[in-house]
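The structure appears right after this line, and notes come after that.
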Amino acid sequence: MGGAGGGYADILRAPHAARLLVGTLVGRLPSGTAHIAIVLFVRAEGGGYSLAGALAAAYGLATAVGQPLLGRAVDLYGQPRVQFPAAVVSALGMAVLALTGIVSLPLAFAAAVVAGLFTPPLEGGLRALWPSVLGREDRVHRAYALDAVAQEVMFTVGPLLVTLLVWLWSPAAALLVINAAGLLGALSVVVSAPSRAWRSEPREAHWLGALRSGGLLALLGSFFFVGLALGSITVAALAYADGNGGDGVYGGLMAALGLGALVGGLVYGARPWAGAPEARLRWLVGLLALGYAPLLLTPGPVAMTVLAGVSGVFLAPAIACAFIVVDRHAPRGTVTEAFSWLVTTFGVGAAAGAAVAGPALELAGTGAGFGVAAAGGAAALAVLLVTRRPSAIPPRTALDAAEHVVRVSENDRNGTVQPGFSGGRQA
């Protein structure tokens, strides 16, 4: 673990790295906690599980649509011209939802859709920045692990922060405060020197963009079902908490899920990993799927919190490994879009899971909601096993990378790129 800690410290000491990481995490608070905040908000307004799941699903689906579109815009036009304006519009949409409630359902759904559609692709933007900030491939891969760990810190603290704001004020106030913080985080990122200087590599014109990579498509199919599992847990855990202690238990379950992933990410980042990341990802997703099955037991709150923590242990390692796979399979010049597609399929899966879990709970009880999660984990593994074949676009090779370093160095001497810039991809 000490090796990982030293490696993480080395990354955070790099110029701009800590600011970019923290700013991105704060900027992502609205999207990272929206599913919980919306569910609590709808329940406080008198809505049922199905309506809560449907509004959360509308937000998630809109985010899924917006992320790759905004990611492609970032690749084409740069980060500042896309990220912060999108964050402003998204925050305004969530403010409308918080201030008008569910009295008018068309307005509530429209507000949720606007908030989701314009959620800025800060995740993909950060991962595109790491190569130009850190330079070496081993440091970039360690940064991916750190990114996944820090993400789980947000998923641990975020639910507790939402429930604290609900307890202090109201669910509407929680929505407003979280989105105001997100605006400040996005602003901190886009005014930084690396964000202003970053430009994507030249891209081959193709209407499919990043989706022309077979290896990327396989990964996206798998993570749709990982998202489905997590989305269903969000709604199923609320139903469980309603019968076992209320909102405090719900926040605890969500925090335990994030804490388990945090621990798993720290352990995973404590050592370098040999071999192809595609094979490693199959093992990690399989273990993740195995961890969801015990949730169907729905024991008492203490035991259930422990099971929630265990079910999250392999989430951060799977995400960190997926980042490397995305970087290997994204066609040149589509890195932000490719990472945004990962966010998109994950969000679509989470929305589907939330939408399916609501009716499952009302028809067959709490265990059925967690059954959706177990089925999602199994399907995620099945996709990776079925698609074990070479990609239509092979991963970038060391020779490709070396040639790109030469091109960047020559361009730098001619004054056409920023020092240390690697075109948005690690060379």
With the structure loaded, tell me whether VAL191 is open to solvent by 20 Å² or more (accessible area, probe 1.4 Å) and at pLDDT 90 or above or whether it fails that test.
yes
Could you check, for segment 174-193, whether at least one of its residues is under 21 Å from GLY93 (Cβ atoms), among the aliphatic types (A, V, I, L, M) and in contact with an Asp or Glu (Cβ under 8 Å, 6 or more places away or on another chain)?
no
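Okay, residues lined up against (1) in a helix (DSSP H, G or I); (2) crowded, with 23+ Cβ neighbours inside 10 Å; (3) within 19 Å of the chain's Cα centre (by Cα); (4) aromatic (Phe, Trp, Tyr):
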residue	(1), (2), (3), (4)
VAL226	yes, yes, yes, no
ALA237	yes, yes, no, no
TYR240	yes, yes, no, yes
LEU259	yes, no, yes, no
GLY286	yes, no, no, no
GLY291	yes, yes, no, no
VAL310	yes, no, no, no
Criterion violated by PRO15 - all others in (1) under 22 Å from ALA197 (Cβ atoms); (2) in a helix (DSSP H, G or I) satisfied:
(2)
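Across segment 162-188, what is the number of residues that are assigned to a helix (DSSP H, G or I) and open to solvent by 60 Å² or more (accessible area, probe 1.4 Å)? Before the answer, list the steps.
Start the filter on segment 162-188 by keeping residues that are assigned to a helix (DSSP H, G or I), which leaves 162-168, 171-188.
Restricting the remaining residues to those that are open to solvent by 60 Å² or more (accessible area, probe 1.4 Å) gives 164, 167-168, 176-177, 184, 187.
Residues that pass the stated criteria total 7.
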Meets criteria (at pLDDT 90 or above, among the β-branched types (Val, Ile, Thr) and either in a loop (DSSP other than H, G, I, E, B) or open to solvent by 10 Å² or more (accessible area, probe 1.4 Å) (or both)) for VAL249:
no
Collect the residues in segment 40-55 that are assigned to a helix (DSSP H, G or I), open to solvent by less than 10 Å² (accessible area, probe 1.4 Å) and out of contact with any Pro (no Cβ under 9 Å at 6 or more places or on another chain), keeping them in residue-number order.
ALA52, LEU55
Can you work out which of the residues in segment 202-218 that are at pLDDT 75 or above and not in a loop (DSSP other than H, G, I, E, B) is surrounded by the most Cβ atoms within 10 Å (Cβ to Cβ)?
ALA210
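The values are calculated or read from the model by the stated rules, or taken from the named source; none is laboratory data. Values in this document were obtained by computation on a predicted structure and should not be read as measured data. Positions of Cβ are backbone-derived with ideal geometry, glycine not excepted, and every protein chain shown enters the neighbour counts. The protein model used for the area step is the full one, side chains on, heavy atoms only, and it has no ligands, DNA or RNA in it. Shrake-Rupley method; radii C 1.70, N 1.55, O 1.52, S 1.80 Å.
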